[in-house]
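Working notes for the structure below.
Every number here is computed from the coordinates shown, using simple stated rules; none is lab data. For clarity, every value in this text was computed on a predicted model and none was experimentally measured. Glycine gets a Cβ as well: all are built from the backbone with ideal geometry, and neighbour counts include every protein chain shown.
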Amino acid sequence: MRSKISTNQVDEYIDKLTPEKQLLAQAVRRIISQTAAHLEECVRWENPCYFFYGPVCYFASSRSGLHFGFFRGKELDDPNKRLVSRNGQLPHIKLRTLEDIDEEYFSDLVRQAVQLNQN
């Protein structure tokens, strides 16, 4: 049985980031929470992950900022072509500054990812 890790561990993960990355992580977390409040938030594979009938999305610290990724990202409609994947990585959006965050677009991707897991 999979054990649920408390939300406090996501807080701890964010607290360990640099101040710039903390702002990015808090913005992504807020978008996910406002879009799909029913998702289970936990730390898995050393990163904050969100689950609903399986893994939906995650965010992870990178060298230059933050990755906001989707476990089934290749199946998402991505008209702006912001999702990237190379070297076996899960499809993700690279975030370096708050200007890289598009709330409406990200919310749409989260809704699509949740819908994929419901079918």
What's the magnitude of the charge dipole for region 7-118 around its Cα centre, counting Lys and Arg as +1 and Asp and Glu as -1 at the beta-carbon? Answer in Debye, nearest 20. 400 debye
With bins of 10 Å, the percent of all Cα-Cα pairs of the chain per bin from 0 is 14, 50, 33, 4, 0
When the chain is treated as a Gaussian network with springs between alpha carbons less than 10 Å apart, the largest mean-square fluctuation among ARG63, ARG44, ARG30 is found at ARG63
Would you mind calculating the gained length between ALA37 and LYS74 on full extension (0.36 nm times residue separation, minus the Cα-Cα distance), in nm to one decimal? 11.0 nm
Once every DSSP H run of n ≥ 4 in the chain is given -39500 (n - 2.57) and the sum is divided by its residues, what mean residue ellipticity at 222 nm do you get, rounded to the nearest 500 deg cm²/dmol? -11500 deg cm²/dmol
Less than 16 Å from a label point 7 Å out along the Cα-to-Cβ axis of LEU17: which backbone N atoms in region 63-101 qualify, by residue? 63-70, 92-101
With 0.36 nm assigned to each residue of separation and the Cα-Cα distance removed, ASN87 to GLN115 gains 7.4 nm
Residue-ordered couplings for region 67-77, obtained by feeding phi - 60° into the Karplus form 6.51 cos²θ - 1.76 cosθ + 1.60 and rounding to whole Hz (Gly and Pro as x), are 9, 10, x, 10, 5, 10, x, 5, 8, 7, 6
Most to least packed among 100-106, 21-27, 31-37 [average Cβ atoms within 10 Å]: 21-27, 31-37, 100-106
Among all the aspartates and glutamates, which ones have a C-alpha under 20 Å from LYS21's C-alpha, if same-chain residues fewer than 8 places away are not counted? ASP11, GLU12, GLU41, GLU46, GLU99, ASP100, ASP102, GLU103
